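Take a look at the structure set out below.
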Amino acid sequence: MRLLNLFKIATKAIVLNKTRTLLTMLGIIIGVASVIAMLAIGEGSKESIRTTISSMGSNMITIRPGADDRGPARGSGGDVQTLTLKNYETIKEQSNLLSYITPVVNGGGQVINGSNNWPSSIYGVKPEYLDIKVVGLQSGSMFTEAEVNSAAKVAVIGQTVVDNVFPDGQDPVGQMIRFNNIPFKVIGVLEEKGENTFGQDQDDVVIAPFTTVQKRILAIDYLNQIMASAVSEDDASTAVEQVSKILREEHKLLDNEEDDFTVRSMEELISTFSSTSEMLTILLVAVASISLLIGGIGIMNIMYVSVKERTKEIGLRMAVGGKGSDILMQFLIEAILISITGGILGVFLGLGATFFIENFLNWPTSVALYSIIISFAVCAITGIFFGWYPARKASALDPITALRYE
Amino acid sequence: MRKEIIKIENLKRQFTMGSETVHALKGISFTIHEGEFVTIMGSSGSGKSTMLNILGCLDQPTSGIYQIDGVSVKDLNRNQLATIRNEKIGFIFQSYNLLARTSAIENVELPLLYNSKVSSEERRERAVKALEMVGLGERLHHTPSQLSGGQQQRVAIARSLVNNPVMILADEATGNLDTRTSYEIMSLFQELNDKGITITFVTHEPDIATFSNRTIVLKDGEIMQDYTNYKVESAAEQLANLPKENN
């Protein structure tokens, strides 16, 4: 009853000062909206990195020649010729944590079909490649182990290649194409995967038996990569260690010598990219939080002025029987109402901004429920925290002095 | 014997200002009975304002007895004082002290908002009745800026009546009004007094005292005179005798 009355009084004061209230709220609105939007951007990019990498096969392990090339001033891994087919065979034989493994050789070139041509990349692999990359075929079939052994000139192509060299919409399966003047018979088309987070078109690819690519196109005797997949996601890091050990032995590296190869799991890749985007998220949220804090200070400021301005009113309220606690509650409720209303408007503005970012700027976003709950809770706390002091001041006024205040 | 509304005995109030002690009230005693219309007069510095603050339970005496409606005020805390003000006293101020941009009825309801025993229906009902009593039954939803000074003071009077106080305490209630309007207001006070409402009117204007039935004159913190007025003037008659306004 008493609280209801105080609530009425507080709402009345807010309604009587619409413009001022709205301006006060603005700080909170912008603060909350930016926290939500920033978190949505952060979450969105993290999620999209994760999905892309997972779609590339979350158990996937890649073995590249050369030392870890993440740092500067190192030769590109592709130039180093330390991986051989024999390495592949040893790993395949000795590791018990891998479910699939394939050698990989790759190179670029021109795909030609009649008068249509298209620059693309060719990957020479074994049939297990599809299992490792978790990709299926939309038509036709994959080449077989036998075709690998016989270095058959068959290929499976991605949708982008299909679109560019078969623009008339004819079925590519069974057709002949040429890659760097070597004829291939198209026997299958890969499922569409689209672009990954790094902007790479995963459908712009030609896959052929590795023997064919190694000998006929690249004319090399080493491997560019070995790809494998761990038996499970949890085993991926153990598998990485195991493979490293096998390779060190195989390459006869001494204890004080660095690895001349790099083994990496997808999980590692995810965490590398996630940590970057996490940093970004923290930074964005920190900036947004500062604006929320400033919004709170805005409330405190206005409540202070309001207490000063309404000193006489406070005196009157006390004279007609308002207790100190009534006055305290009135101003506190006012502050909380301002901040919570601002919070609600802020949530909507934040969602609106997120929608805009997603649909017009095409950034991946993801609104997490927790971000709404947190920023809303912060709002309410802001109201109480910053409203308390001015309210306390109002309630401690001496009614006689307050009544005489001009 | 009529009921004692106010009982004051040897009441003292002193203030410490730095190293000096100011004796604002130096041992005052009087009793106000139910139905009296008392004016408390005095020039500035007489202790009039201090008396008013204590009578209104806004301040407490340093020593002595102050009872309102049988309750001793001296030892009450802030909250208890607020409750006494809410339930037993109706305040009227010189500058009306109405809430701006707030309708007459909402202004009148104000004291009842702080009394959780009164439901919102009863609150509205009592506020309407109080406004009708002061002749503003037609202006319930006017805000102070839409009312004249006299009407604003009537709203304030209605506000002081709404909680059925044992005493109305007016502080220079006609101080901001012209002669005609102040007679109108005094006539309203007399009407209310005729209905049995106890009124204490603090003023420095001697002619106001002629409308009351008792006058207490303060000087330098002491009672100089306390007399009953046997020939109470009628404010309504005085009003009728005023020269007609030229408009």
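Annotations
- Shape category assigned to region A:237-339 from the gyration tensor of Cα positions, a/c cut at 1.5: prolate
- Antiparallel DSSP beta bridges within the protein assembly as shown, as percent of all bridges there, nearest 5: 70
- Only one residue of A:SER306, A:GLY44, A:SER99 has its Cα farthest out toward the positive end of the dipole of the protein assembly as shown, where Lys and Arg carry +1 and Asp and Glu -1 on Cβ, and that residue is A:SER306.
- Cα convex hull of the protein assembly as shown, projected area averaged across orientations, nm²: 49.4
- Pairs over the 18 Å Cα-Cα cut-off, from the set A:LYS86/A:LYS245; B:LYS117/B:LYS195; A:LYS8/A:LYS323; A:LYS8/A:LYS308; A:LYS12/B:LYS117; B:LYS7/B:LYS74: B:LYS117/B:LYS195; A:LYS8/A:LYS308; A:LYS12/B:LYS117.
- Region B:116-247 - Rg and Dmax from Cα coordinates, angstrom: 16.2, 49
- Each residue of region B:77-84 was assigned a 3J(HN,Hα) from its phi angle through the Karplus curve 6.51 cos²θ - 1.76 cosθ + 1.60 (θ = phi - 60°); the sequence is 8, 3, 5, 5, 4, 4, 5, 4 Hz, with glycine and proline shown as x.
- Cβ-based exposure ranking for A:SER371, B:SER187, in which fewest neighbours within 10 Å come first: B:SER187, A:SER371
- Where only C-alpha atoms are counted, convex hull volume of region A:83-259 per residue in Å³: 128
- With the helix formula -39500 (n - 2.57) applied to DSSP H stretches of n ≥ 4, chain A reaches a computed 222 nm mean residue ellipticity of -18000 deg cm²/dmol.
- Summed over all non-identical Cα pairs, the Kirkwood treatment of region B:4-241 gives a radius of 18.3 Å.
- In a simple Cβ point-charge model (Lys, Arg +1; Asp, Glu -1; nothing else charged), region B:79-211 has a dipole of about 400 debye relative to its Cα centre.
- Rounded, prolate or oblate (a/c below 1.5 giving rounded, otherwise prolate when a/b exceeds b/c) for region A:73-157 by Cα gyration tensor: oblate
- Using θ = phi - 60° and Karplus 6.51 cos²θ - 1.76 cosθ + 1.60, couplings along region B:23-36 (whole Hz; Gly, Pro as x): 8, 7, 10, 10, x, 10, 9, 6, 10, 10, 9, 4, x, 7
- Semi-axis lengths, largest first, of the ellipsoid equivalent to region A:138-234 are 22, 20, 14 Å, with √(5λ) applied to each eigenvalue of the Cα gyration tensor.
- Counting, for every residue in A:247-255, the Cβ atoms of other protein chains within 10 Å of its Cβ and taking the mean gives 0.
- Close amide H partners of A:SER139, meaning residues 5 or more places away or on another chain with modelled amide H under 5 Å apart, are A:VAL189.
- With 5 Å bins from 0: P(r) over region B:1-114, alpha-carbon pairs, percent: 2, 9, 18, 21, 18, 15, 9, 5, 2, 0
Rule-based calculations on the coordinates, nothing more; no lab input. Everything numeric in this text was worked out from a predicted model, so none of it was measured. Quick reminder, even Gly has a Cβ in these numbers, built from the backbone with ideal geometry, and neighbours come from all protein chains shown.
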